[in-house]
Amino acid sequence: MNYFYLIPLFPLIGVLLNGLLGIKYFSRKVIHSIAVGAIGLSFLFSAASFFSLLGSTEPYWVKTLFTWVPGNWVNLADNIHGASFQIDLAFRFDALTAIMTLVVSGVGLLIHIYSIGYMHHDHSYARFFTYLNLFTFAMLILVLGANLAVMFIGWEGVGLCSYLLIGFWFNKDSAANAGKKAFITNRIGDFGFLLGVGLLIFWLGTVDFEQISNAVGQGLLTKETATLIALLLFVGATGKSAQIPLYTWLPDAMEGPTPVSALIHAATMVTAGVYMVARLNVLFTFSGTALTVVAIIGGLTAVYSASIALVQTDIKRVLAYSTISQLGYMFLGLGVGAYAAGVFHLMTHAFFKSLLFLSAGSVIHALGGEQDMRNMGGLRHRIPWTYKVFLVGTIAIAGVPGFSGFFSKDEILASAFASGQYIPWILGVIGAAMTAFYMFRLIFLTFFGKERMSEEVSHHIHESPASMLTPLKILAVLSIIGGFVGVPAILGGSNRIGKFLGTVVGHHEMHLSHATEWGLMILSVGVGLLGIYLAYWMYVKKDGEPAAKISEKCRLYYRLLVNKYFLDDFYNGVIVKGVTILGEFLGRFDLGVIDGIVNGASYLTRKISSLSIWVDTNIVDGAVNGTAAIGSGLSKGLRRVQTGYLSNYALGIVIGLFLVIAMILIF
């Protein structure tokens, strides 16, 4: 199956059809049929390409559509030892691409189906599905690109689509502001990404992934240069994948429709940074220092955002901070060299996090738009199917054995310990305990205890339609069985996904004894179960009383968590406001300077004009008039001499002769 390059074509066709014709000419059924059908075809081609790659003797395929920047346009031969710089619009399909295209198109397909029921009453139906298709198209371009230039098309494409989808209900100021915040924050990260790409072109004269790996292997980069490039690229990853310090846009992204939250947070945009680091694993591994930075930032982000999730009351914001934390786990895995484990967690996270977001959407749908968990409770008997699938996703993310999250999370923690990076490992263990606690806190506040909603809302509670529940059931099954492709040897498996990805990211060997592996596994499971029990004791057995007492006794720390460590306030109060004040000052200064220049120029022009008039009147006209007056005077004098009488002329001759003789005699 060498038609992998057609995978992004189908959602692009969906964009063109629904975007150009859907609003005016298509019914809702035709609109969603086109959108879902386009993603369905992409998934089928992704699956066919995956199975073809499994049976192929070639480790990867490359398809060059055309030369984008010909080599004779820009010659950087000195940088790449005799070859001319060239950029091809080319796609690459290997093990890493196969996993990513299956996740993007597969989970994206389920989200598209779910959206049929969730967005049924929205008046911008065609626009919504157009944006969803465009988002999926951009993400597929990102993961299929054979070089950084093609990747950057998709990289910027998902950034644009995030702005469009987060601010989809643009008539709400909060949604419009959230879309702008996401767009601007990502531009900051993208600036670092572009600098890294520019340095790669400067030093190696190429942006092709294969050529970059070969150049690093041949020693054409020093460690210092590789570290600088890798860190700049990682700045872009912190923006796209919402890591410290560029994570603040992601919680605000909840202003978009719930299917958008699932698509952004589970299958597409936020995984772009993780994919980029995994794709350039040779560069990051060669640097070493950059890899350590990735691990530390990932570990800190995992704990930092998990701590904020402990006190959130908005059901979608809990999941938003959970996403940031789980992305931290992925970077922690990449940072300790366990690239396959990081990508494995990316895959399992796509299953259970999209399940959790869509289940949260089902809860919100049942409650008529209510998102505050303090106004929920007792819903497990009112919406039983939503409760069951929500519970499956929660168990999976908590790392309970047998579910998908257990295998990928345990692989990351074991790899961190085996690599000797104990600080990231400790952060990961703490984050695991927090994750189990805040997720089951969400479950208990939403589905257990007495009902806390108003009577009117309670009267209209209803289960979601089949178009919403069917994708949830499929994702629940994937959240259970999805981890079995990575069962470690200690549990009788062969870690098939690790071996499959090894052709791209290399094999990460863990040198641990069986006793140590068992001990680490028991510890990670134990802290998770402890978090679950603590949540049960506080919110079910004691009906929330311990939580109220703790928040009262630790008011300062509680306030710190509720206000998200005041980082948003710092950004808004210092950076945003500072830039705004500086801009206003420069605007006024600029306006004053321009006004001064204009007024001065006007005054000078008037003076020059007056001087010009004076010169024209007194000098130019005076010279002409004076010449005329002299001529006129001379002519009048000569006219008197020329009398016409012969005697006068004879007298003149005599006088003249007399004067000549006198002069001769004198001189």
- Message: If packing is taken as the average number of other Cβ atoms within 10 Å across a peptide's residues, how do 441-451, 165-175, 89-99 rank, most packed first?
- Response: 89-99, 441-451, 165-175
- lysines whose Cα lies under 30 Å from that of LYS577, excluding same-chain neighbours fewer than 8 positions away: LYS172, LYS180, LYS181, LYS240, LYS316, LYS564
- Task: Would you work out what percent of the accessible area of the chain, with all protein chains in place, is carbon or sulfur (probe 1.4 Å)?
- Result: 67
- Taking every eigenvalue of the Cα gyration tensor of the chain, multiplying by 5 and rooting it, what semi-axes result, largest first, whole Å? 74, 32, 26
- Segment THR289-ASP173, length gained on full extension (0.36 nm per residue, minus Cα span): 37.5 nm
- Message: Positive end of the dipole of the chain, charges at C-beta (+1 Lys, Arg; -1 Asp, Glu), about the Cα centre: which of ALA253, CYS554, ALA629 has its Cα farthest in that direction?
- Response: ALA629
- In segment 407-450, which residues have a backbone nitrogen under 11 Å from the label point lying 7 Å from TRP518's Cα in the Cα-to-Cβ direction? none
- With labels modelled as points extended 7 Å from the Cα through the Cβ direction, what inter-label distance (nm, one decimal) is found for ASP314 paired with LYS577? 2.1
- Query: What percent of all Cα-Cα pairs in segment 172-306 falls in each 10 Å bin, counting up from 0?
  - Reply: 12, 40, 29, 15, 4, 0
- Item | segment 491-620 shape via C-alpha gyration tensor axes, a/c threshold 1.5 | oblate
- Selection from ASN186, GLY544, SER602 lying farthest towards where the dipole of the chain points positive, charges on Cβ: SER602
- Note on the structure: Kirkwood calc, segment 54-212, C-alpha pairs only, radius in angstrom 17.9
- Note on the structure: In degrees rounded to 10, the 0-90 angle between helix 95-118 Cα long axis and the longest Cα principal axis of the chain is 90
- Task: Sticking to Cα atoms, compute the Rg of segment 119-210 to one decimal and its Dmax as the biggest Cα-Cα distance, whole number, in Å.
- Result: 16.0, 54
- Message: Please report Rg (one decimal) and Dmax (integer) in Å for the Cα set of segment 393-501.
- Response: 18.3, 57
- Estimated distance in nm for a label pair at THR67 and ILE153, the labels positioned 7 Å out from Cα along Cα-to-Cβ: 1.7
- Probe 1.4 Å - accessible area at ARG496, Å² to nearest ten: 150
- A chain fully extended from ALA466 to LEU586 at 0.36 nm per residue, minus the present Cα-Cα distance, gains in nm 37.5 nm
- Set the Förster radius R0 to 25 Å, insert the Cβ-Cβ distance between ALA47 and LEU491 as r into 1/(1 + (r/R0)^6), and round the FRET efficiency to 0.05. 0.35
- Query: In Å², what does the accessible area per residue of the chain work out to with a 1.4 Å probe?
  - Reply: 44
- Query: How much length is gained on full extension from CYS554 to ILE597, taking 0.36 nm per residue of separation minus their Cα-Cα distance?
  - Reply: 9.5 nm
- Here FRET efficiency (C-beta to C-beta, LYS450 to SER213, R₀ 51 Å, nearest 0.05) is 0.30
- Message: Given R₀ = 30 Å, what would the calculated FRET efficiency be for ILE13 paired with LYS388, taking r from the Cβ atoms and rounding to 0.05?
- Response: 0.25
- Note on the structure: Using alpha carbon centers only, segment 124-193 is separated from segment 512-572 by a whole-angstrom value of 33
- Of all the Cα-Cα pairs you can form in segment 343-466, what percent are over 23 Å apart? 38
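The values are calculated or read from the model by the stated rules, or taken from the named source; none is laboratory data. Not measured: the values here are computed from a predicted model. Neighbour counts run over all protein chains shown; Cβ positions are idealised from the backbone, glycine included. Ligands, DNA and RNA are excluded from the accessible area calculation, which covers all protein heavy atoms including side chains. Shrake-Rupley method; radii C 1.70, N 1.55, O 1.52, S 1.80 Å.
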